[in-house]
Structures are given as structure tokens and as C-alpha cells.
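Report on the structure given below.
What follows is calculated from the coordinates using simple rules that are stated; it is not laboratory data. Bear in mind the structure is a predicted one, so any value in this text is a computation, not a measurement. Glycine gets a Cβ as well: all are built from the backbone with ideal geometry, and neighbour counts include every protein chain shown.
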Amino acid sequence: MALKPAEFKTDVHNDWCPGCGDFGIVNAIQMALANMGVQRDKTTIFSGIGCSGKTSHFINTYGVHTLHGRVLTFAQGAKIANPEMTVIAVGGDGDGLGIGAGHFVAAGRRNVNMTYIIFDNGDYGLTKGQASQTLKLGEKTKSLPSPNTNSNVNPIGLAITSGFTFVARGYSYDVRHLKDLIIQAVKHPGLSFLDVLQPCPTYNDLNTRDWYAGTDLMDEAQKRHSRIYKLEDTGYEPTVHYDTEIETNEKLSQALIKSLEWGNKIPTGVFYKNENTTPYTVRIRDHIPNYLENPPAKQNISKNGFSNTDISKILDSLEV
Amino acid sequence: MGYQVFGKREFYSNIKGEHSYFTVRIADKKIHSNVNDVNLMASFDAETIFRHYDEVISGGGIIYDSDIIETKTDTVRTLDAPFKERLHKELELKNKPFTVAGVLEIAKDKGVLLFPVSFKSILHTLSEETENPRLRGLVRMYNVIGVSLSLGLVQMPPDSLQKTIDTIFSKKPEIAKLNQLTAIHSYNYATTNFKNFDYILLGTEKESRTLLVQGFQGTALGKMACGCRFQPYYPITPASDESVFLESHELFEVIDNRPGSTAVIQTEDEICAIGMAIGGALTGTRSATCTSGPGFALMAEMLGWAGINEVPIVITNYQRSGPSTGLPTRHGQDDLLFSIFAGHGDFPKLVYASGEIEESFYDTGNCFNYAEIFQLPVIHMMDKFHASSVITCQRWDTKKISIDRGKLLEKVESGYQRFKFSDDGISPRSRLGMDNGIFWNTGDESDETGHITEDPVLRVKMMDKRMSKLDLILDRIPKDEQVVSHGVDDFTIISWGSTIGPIKDAIDMLKKDGISIGLIQLKLMHPFPADYVKSLLKDVKIIIDVEANYSGQLGKIFKQNVQRDIDYFILKYTGRAMTSTEVYDSLKKIVENKAEKREVLIHGA
């Protein structure tokens, strides 16, 4: 049953800068949760550190505001212990692709059934605008003393090569489209990744709202009122339908090539989707048959205040 | 056979090729440690003889492969330069050649009995008898030959040898048969050819319900028994054995309930391991991880998060020799101070240390109870000496594992607040996914609901709430779980962890000399039970701190908390565990007023 987005709002004061792209993302998450009718107390938002880290405080579900770069570790642990929960992890691009890049790659390999959303603004906002992982080499935002000396990480490409089974990109000012993407991501049976382009009006004067709108361009993008276009409008087909190596490799390569597109035409929408890869729950169930009915969080561990675990067979084997 | 044993594995940080050895002490009463003196050495290669010949006592024996008698020290590539230099000096002094024969002569001069056997000819004979030419060059059999020869020499009835081989190779009957043949042949060779050895093991009266366990099994089985159902971990010596054991036994029966399981997850690093454990704990699952110094160092930031968010997790910390990679496969009680002070900022945690392996099973259960009652991270201190020892002990009793989940809620009405102020500083605990139990966590300072606050007044209240747990711990945990007094005397030892074993045996040895020494075993290391320790030691004249690290870390927190100086330290940081002989020697020197302030022990290859 669809609920109202307002039910997913807390009354915590939001202290993001006026015009921050984060607002659109939080609204889209709340709209998506309401639209799916998820139970508030069966849902947890995990967040990292930085402006985007505060997201969990604004959403009226369980909210766990974790540590810089580590959000995926907490989120996966909770989801594995209690697979019934809907789990969404959020964080910035510095958080997830810099200090947290190792966890990002490892999470891809596991394919735990949850969603990870990166608020991608090209800078470290809360520490006053240092270059972050998606800022391009040689670019200089107004907050940088000199141009960026590092090449950028390609979030979509990294997700695809790490094994994420749903990889998409949204734009924080297209809230309706973003909401639809979040719904697809949450419903995806495996680890889904959403890279959300998000202007930082305070520190990033390069990738601004106007820039995304293409106001600096002479021709096509200006007519479209955007640099951004939607893959689904171009007939792009992201889904691996048959579990064959040929089709999988073809869809992977196509998504990788698309992920390199930037500049005057920036693709959004679903890049890659593969439901054939076994989710982590199934991999656990292969050796723990009753894992889903009796996951760690549901197990009864005591009787009348004492242990009810029977380890007698192991002890028998150790007896001499 | 009915004997009590204490065995210890020593090995290099290397997969194969470097020198590994196993010492086992056998007795007809309970023992707690190794000793310096070796009665029988069964060697399969030259290096073992070079490294250990001088540990065998007069009247003891060395079984060795007579085919390698002329092996020179220089041809054993794994003998490192500093050791070789010391050995050469000794051989020069005694005017012996730099060969196996040379060191064996020294042993013989001392009164050691030599038992030469051509391992090659044993294989030849067997190969001919069984018409199996492959057997002729099967040097992999040398260990079975060596063990069987030694059991023949001490006249131990061969049935336990045969049973053991069958168990080890239960899935490979052909290989089992080959090993059986070799074993019996070697065993008979020894009983026929070797006589007049002073040490024989015919068996003794069996005590019922005795276990033969490896050190890491205490905490592993303890975790299973007390309901730990989630253990993410990252591989590290000497901690991984515990996790691998848990995973090998991930499915088990639960009394009057459906089968249970432990989800054991290998993570990408120790940061993820503790992060996942915290995530699991937030769902109400008893969650833990297991690591050693370098891994624990990586967990420090997360530890603070668990502290400020009052999350019950258990970190089993199998210490090894530091600093940095240190001696990665060797022993050390190096991380007491680091465990107590790990993490930035002030937050409550509990550090608990098991003495002997037998205790570690029950202590594990207690650690989980403490974590949930006080809602904080608990660091359970173990070490490499524990992890790679093999001991006999009384069968563990799961009926003694009580489960106290503290203020964990079974259901929640409306208006729930995770960090609600309460009389004892502990708030009722909901879990992720629970009806009506919504809460927020944050590594920032927070209000009662868990939302960020920077209000100075609320900050003080929250800080006071959390830190008040330290007094609560000292108040609520029974005294005998905090500190074990094994007797107090004019001279009294304070110690902790695995070192307790050698100390107990040393104290027994001193008793035979008419010397009585007390022992206070600290288990609750943090918060430090200062008042109780002070009262126990009030009449003590000389305090001796015994531990396996450089700086006397327990001594430091003792002084800080009890405001009293340590009179003597007995320390060891070679990476090898203390033997009771060494502790005995130093204690005797202390009593006779001949000791240094810092007695530093160095026995062991």
C-alpha cells in the first residue's frame, strides 16, 4: 500500500546549504519508500560521514549514521543478520569512492540484497570543498587553491567491474526520475548502486545546476534544457536476460562504454542490470539451509536463562 | 591413556620449509605449562637436532635419522646467521665438528642416550615387504616413523597410535593402511632395538570426561554455546583458527528448537569485520569478531562508534608479538595497554582476560553477558600461547553458560527513545527491524532519540551517562569474576592471561622447596578493580609482576590505579611462552634476594 512521503520525514532541522542537491535526493528516497509502502520499522537507512551522512536523521525509519567510508560494512552486517529488512546505504563520493573504495569493491563481490546511493558532487563539502574522487584531473573549483592533480574515479564503471548487479545514475534535480530509479534499485534482488549527480552550490562552481542544464552550450543541449539525457529514451537495453557469458559480457561492455560518456551529453538511467547473479542470501542458504527462516537475528539462544545450544557432539569428539 | 598433557606448537611465519616443532609434556596430574627440560626428542631432520640438542637432559634420549649424521651446519639453509654463530662458538669451545655428529657428541658427553635409526632403510624394508616401490622414497612418512619410534621407546601401548592414524586418514583408507604399516614397523623397531630408557608411559587411571583441546577451541565453543550467531572476520595469525572452527561447525542442534547456525563471513579487512559485527549487533544478534594486534589496530575508530552508540559487541583479541608485524607467529601479551586505550575520545569499554584455556570457554559466555548488560564493546584478551597450545581439561559444561541479555527489549510500545536517561545509565535496547522500535544512531554526540546534538548541557549528561557504566561494571560483576586470588603471601605475584599457567606450576615447584608465594590473577583489566586488588594485597610485602611483554603493562595500570610500586618484574618478550622452570628460577632468585628488578626470560628456540 502506498503511503505518504510525509510519513517518512522526521522533524529534525535540516542544515544543508540552500539550493543543495541533497534535498532532492532525500525527497526522492522518501517518495520511493512511500510509493513502495515499505514498513518504517522494517527499513534502515545507513549513512556515511559528510553532508550526505546526515540523511539518515531526516528519514523516519531506523537510521544509522556511521563512519567515514564504512557505511557499507555496517549495512551489510545488519542485512546479513536480519535479511528481512529493507536496507539503503547512502554517502558522498569522497566517502564511498575514496576512503571507502575497498569496501565498495568488496561489496560488489558479495551482492548482498540492498541499495547503495552515492551523492556525487565532486567535492568534500563539510570540510570546505577539497577535491573529491569524481572531480576530473586539472579541474579547479573555486574552493581549490590549485587545479586537481588526480584523475577521477568512474563510479558507474567501478560498480560494474566490482560486481554490482544493478547500476544506475540519477540527477538530484530530476526527483521524479530519481524516485523511479530508487524504486527499481530497492526492488532489485541483489546489490544495487545509484550514482546521483548533485550540484554543490557552495563549493563546486563547475558542475552547477546551470551547467547541468547546459546553459553554457550553444546548440543541442540548450534545446533539451539539459546536458543530461535518459538512457531509456534512446532505446538502450541494460538488462541481461539470459544467463550466458556472451550476453553478460556484451551488456557489461556496453555499460562500461556508456559510463565513459561525459561532457556535453551525460547519460542517466539504468546502465546495467543482471538478476541472474546469485544474491548473498542464496549463497549463505547453500550451506545454511534454514538461513532465511532462522537468520542470526531471529535465533533463540537461551532457555530459562541458560544456553540452549547443543555442542555435545563436538565435545564427545574431543573427549579422550 | 589417562595422562594429562600440555603441548605447544612453535612455527615460523612461513608455509613450509622453516623449522616447526611441537613440545608436549605428559603427567599423571593436572599441569599448566611447559618446562625447560626435554626427556625425549624425536627428530626427523638435522635442523631440529642443531636447535634443540642442548635441551635434552642427562638420562634423556634423542631419536635421530642416522643417514644425516654428517650433515654440516652450513648445508642447512634455514639455520639463520645469528643462531649459527652461537652454535659454532659452542662447537668450537667443545672442540667438535660443525655437524650433526658434533652436537650429538656434546649431548652424549652430557649423558644423553642416542637412538640412531636409518629412516631410509625403514622405508626400504617396508617397500620390499609390501612390494610397493613407491614407498621407498616417501619421505613424507618420516613424521610417522619418528612419532612411532618414540612411542615404541617409551613403551606406550600401540593401540592409541593406530586409532589416531585411522582418525586422521578416515577419508583415505589406502593412505591410512600405508601409515599403519609404517607406524607398526617403526614402533616394533624401537621396542626391539632400544632398551634401558628411563621414561616409560604405560598409561594411568583415566579420569572421566576429559577433553583434549586446542587453545582456540575454548573461545570458539564458548561463542557457539552462548549464542553468538554472527562472526565476520579477516584472516590473521593466530586468530583465524577460531573463525575457521566456527565456520566448520556452522550448523548445530538447539534444544527444543529448530537447528541453529553461525554466519561466519570472511571480510575484506578488519575494519569491515568490526563494522559488520556492529551492524549485526544492532539487529539484536550476539555478534563478535576475532583478531590479533595489527587487525585490532585497524578497528580502533569503530570501537569508539560502538562505545558512543552503546552497541554490545565482543572482540576476541588473540595477541601476538608486536610492534607492527613483529613476530607474527609468536607469542606476546603486548596489547593490554593498547586494548584499554584503543579509540579516540572517552568512551566505556570492558577489557577481560582469560588465564588458562579451560577458563576461556566460560569467560566467553561472560563477555557476551557483560556486553549486553552494560551495552558496550568488550575486548576478550587471549594470545598466541593460548591459540597454539594443546591441553587436557575437564569437559566443558554448557549448563553453566548463563545468558543475560540485559535490557534488550522483546517488544516496544510507542514513544521509544534509544538513549533515554535512566537511573543506572543503561537504556532499554531495541533492535533494527523491531516493531515500533525505531531509533537513530550516530557517531556524533546525540540526544535521547539518537539525533545529533551539540548542546553543551546535553553533551555533559550523555557523556556522564555512558561513562557511569565503568563504576556500574565494578559494582555489578561478581568479585571472583573480576579477580581470582590463588592465595596471598608475603611475596605475591600479580599476573594475567596465559602466563597464569606457568606461574601456577612454578608456585607448585617452589612449595616443594618450602617456599610459599601468592598469586593474584587479574581478569577484569578495564575498568580496573582497584579497591578490590588493594584490599587483597594490603598485607603483601613484595609484589612481583609476571607477564609476556617488554614494559610490564599490567604493572603500569596497577601502579596507576593502586598507587603502589611493583617490586620485581618477570618479563619475557622473545616471542616464546614462559616455561614454569624459568618462572621458578626467577622467583627463587627474588625470594633469595639475588634478583634484578627486571628479570628477563629467554628460554626457547
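Figures for the structure shown
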quantity	calculated
Inter-chain shielding of A:57-64 (mean C-beta neighbours from other protein chains, 10 Å cut-off)	6
DSSP bridge orientation in segment B:479-601 - percent antiparallel, rounded to nearest 5	15 percent
Cα gyration tensor, segment A:145-283 - rounded (a/c under 1.5), prolate or oblate	prolate
DSSP beta bridge pairing in the protein assembly as shown, given as percent antiparallel to the nearest 5	30 percent
Loop GluC sites (Glu not before Pro), segment B:35-134 (other Cβ atoms within 10 Å of the site Cβ: 16 or fewer; DSSP)	B:Glu70, B:Glu131
Neighbour-count order for A:His188, B:His19, fewest beta carbons within 10 angstrom listed first	B:His19, A:His188
Chymotrypsin sites (Phe, Trp or Tyr not before Pro) restricted to DSSP loop in segment A:215-271 with at most 14 other C-beta within 10 Å	A:Tyr242, A:Trp262
Charge-dipole axis of segment B:72-140 as Lys and Arg at +1 and Asp and Glu at -1 on Cβ define it, positive-most pick from B:Ala107, B:Leu123, B:Thr75	B:Thr75
Point-charge dipole on Cβ atoms (K/R +1, D/E -1) for segment B:407-477, about Cα centre, debye to 20	260 debye
Pairwise FRET efficiency - B:Arg86 versus B:Ser516, Cβ, R0 = 30 Å, nearest 0.05	0.20
Phi to ³J(HN,Hα) by Karplus 6.51 cos²θ - 1.76 cosθ + 1.60 over segment B:190-198, Hz, x for Gly, Pro	5, 5, 6, 8, 10, 10, 6, 9, 5
Under the Karplus curve 6.51 cos²θ - 1.76 cosθ + 1.60, θ = phi - 60°, whole-Hz ³J(HN,Hα) for segment A:124-131, x wherever Gly or Pro sits	8, x, 5, 9, 6, x, 5, 5
Dimensionless Rg ratio for segment B:479-601, taking C-alpha atoms and the 2.2 N^0.38 Å reference	0.96
Whole-angstrom Cα spans of segment B:407-477 along principal axes, big to small	33, 32, 18
Rounded tilt (10° steps) of B:216-225 against the dominant C-alpha axis of chain B	40 degrees
Rounded tilt (10° steps) of B:159-168 against the dominant C-alpha axis of chain B	60 degrees
Per-residue Cβ neighbour rank within 10 angstrom, fewest leading, B:Asp424, B:Asp513	B:Asp513, B:Asp424
Sites A:Ile246 and B:Ala300 - FRET efficiency at Förster radius 51 Å, r taken between beta-carbons, to 0.05	0.60
Whole-Å distance, taken between Cα centres, linking segment B:213-276 and segment B:474-546	32 Å
Folded to 0 to 90 degrees: helix B:456-467 orientation relative to chain B principal axis, Cα	40 degrees
Value at 222 nm in deg cm²/dmol, rounded to 500, when DSSP H runs of n ≥ 4 in the protein assembly as shown each add -39,500 (n - 2.57)	-10500 deg cm²/dmol
Computed E for B:Met467/B:Asp28 - FRET, C-beta separation, R0 60 angstrom, nearest 0.05	0.70
Normalised contact order of segment A:5-285, rounded percent, pairs of Cα under 8 Å and 6 or more residues apart	18 percent
Trypsin sites (Lys or Arg not before Pro) lying in DSSP loop within segment B:1-38, provided at most 10 other Cβ fall within 10 Å	B:Lys16, B:Lys29
Tensor-based shape of segment B:108-188 (alpha-carbon gyration tensor, a/c under 1.5 rounded, otherwise prolate or oblate)	oblate
Percentage relative contact order, chain B, counting C-alpha pairs under 8 Å, at least six apart	12 percent
Computed magnitude of the charge dipole of segment A:110-164 (debye, nearest 20; Cβ of K, R +1, Cβ of D, E -1)	80 debye
Reduced Cα scattering model of segment B:213-400, Debye log10 I(q)/I(0), q = 0.08 Å⁻¹	-0.21
The protein assembly as shown: proportion of alpha-carbon pairs further apart than 45 angstrom, %	40 percent
Chain B: antiparallel DSSP beta bridges as a percent of all, rounded to 5	35 percent
Chain B: C-alpha gyration tensor shape, a/c 1.5 cut-off, then a/b vs b/c	prolate
Label-point separation in nm, B:Lys400 to A:Asn150, each point 7 Å along Cα→Cβ	5.4 nm
Average partner coverage of B:398-404, which counts Cβ from other chains inside 10 Å	5
Nonlocal amide H pairs with B:Gly59, under 5 Å, H built at 1.01 Å	B:Val112, B:Leu113
Nonlocal amide H pairs with B:Leu376, under 5 Å, H built at 1.01 Å	B:Ile313
Magnitude of the charge dipole, segment B:479-601, Cβ model with Lys/Arg +1 and Asp/Glu -1, debye to 20	200 debye
Furthest towards positive pole of dipole, B:Leu336, B:Thr449, B:Trp396, structure part segment B:329-485, Cβ charges	B:Trp396
Ascending count of other beta-carbon atoms within 10 Å, so fewest first, for B:Ile165, A:Ile257	A:Ile257, B:Ile165
Phi-based couplings in Hz for segment B:2-8 (Karplus 6.51, -1.76, 1.60; Gly and Pro marked x)	x, 6, 9, 10, 9, x, 8
